[in-house]
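Enquirer: Quick one: this structure, given as structure tokens, is what I'll be asking you about.
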């Protein structure tokens, strides 16, 4: 299990303020993406639409 740090939460809130209205990302999307962003590890998700906006093209991966 990976826990959120204060820096993760700050990053998530910044992204939420920037992208909520224009791309429809939610607080859950940004909090999940913040850990992947900090650790620079792939995030396997079916929600590629929002995660690619948050993390770019390389970190979000479709699971199968």
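Enquirer: Working from the pairwise distances between different alpha carbons, so that the mean of 1/r is found and then inverted, what is the chain's Kirkwood radius in Å? Before the final figure, lay out each step's value.
Expert: Numbers: mean 1/r = 0.0862 Å⁻¹.
The Cα-based Kirkwood calculation yields 11.6 Å.
Enquirer: To make sure I understand, if each residue's beta carbon is the centre and we count other beta carbons within 10 Å, what order do 1, 13 fall in, fewest to most? Could you put the intermediate results ahead of the total?
Expert: Working: 1 2, 13 14.
Listing 1, 13 from fewest to most nearby Cβ atoms yields 1, 13.
Only the coordinates and a few stated rules stand behind these numbers; no lab work does. Because the structure is predicted, anything quoted here is derived from the model rather than measured. Note that each Cβ is placed from the backbone with ideal geometry, even for glycine, and that neighbours are counted across all protein chains shown.
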